[in-house]
Amino acid sequence: MNPSTILYHPEFDRTKTNPERNRSDSQGILWQHLKESKMHGFDFDQLKKVDQYVLDFYSSKLRLGIELNASSEPMDSLAENEMIRQKYFKISGIKLVRFWEDDIYYDLENVLNMIELSVLVQKRRL
């Protein structure tokens, strides 16, 4: 077999079409507060592909992305890639807000307040 051949596996399609299979518990908790236009009537998608990147949650109307970072992720190893990513979203006019996954478990009310504030700020820019 040619080493550059990409093998097809049906599992790839299932995870792509069913984001719930790919999300963490913290994403599931937050999704309950974002789905069905619960955040001031704006729709959010989960695990949304935006060009070459995937955002945990994204509202295309607001151009607002929400990212959850695992507490175990070493920030030094992510710093350079995240700076490139952040710059891309800024140039693209997408506001990105980030939270630690632990904040979802232990400080959900403040996370939701920060998201609500971000939604209202972005709404004024429409």
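Descriptive notes on the structure:
- Residue check, residue 116 of a type in the set (Asp, Glu), over 17 Å from residue 27 (Cβ atoms) and surrounded by 12 or more Cβ atoms within 10 Å (Cβ to Cβ): yes
- Helices (runs of 4 or more DSSP H) wholly inside the stretch 22-126 containing at least 2 residues that are of a type in the set (S, T, N, Q) and more than 12 Å from the chain's Cα centre (by Cα): 75-91, 108-124
So that you can scan it fast, the table gives a plain yes or no per residue for (1) touching a strand residue (DSSP E or B) at 6+ places or on another chain (Cβ under 8 Å); (2) at pLDDT below 95; (3) among the aliphatic types (A, V, I, L, M):
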| residue | (1), (2), (3) |
| --- | --- |
| 22 | yes, yes, no |
| 31 | yes, no, no |
| 38 | no, yes, no |
| 44 | yes, no, no |
| 53 | no, yes, no |
| 59 | yes, no, no |
| 63 | yes, no, no |
| 69 | yes, yes, no |
| 102 | no, yes, no |
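The values are calculated or read from the model by the stated rules, or taken from the named source; none is laboratory data. Keep in mind it's a predicted model, so treat the numbers as computed, not measured. Every residue, glycine as well, gets a Cβ built from its backbone with ideal geometry; the counts of neighbours run over all protein chains shown.
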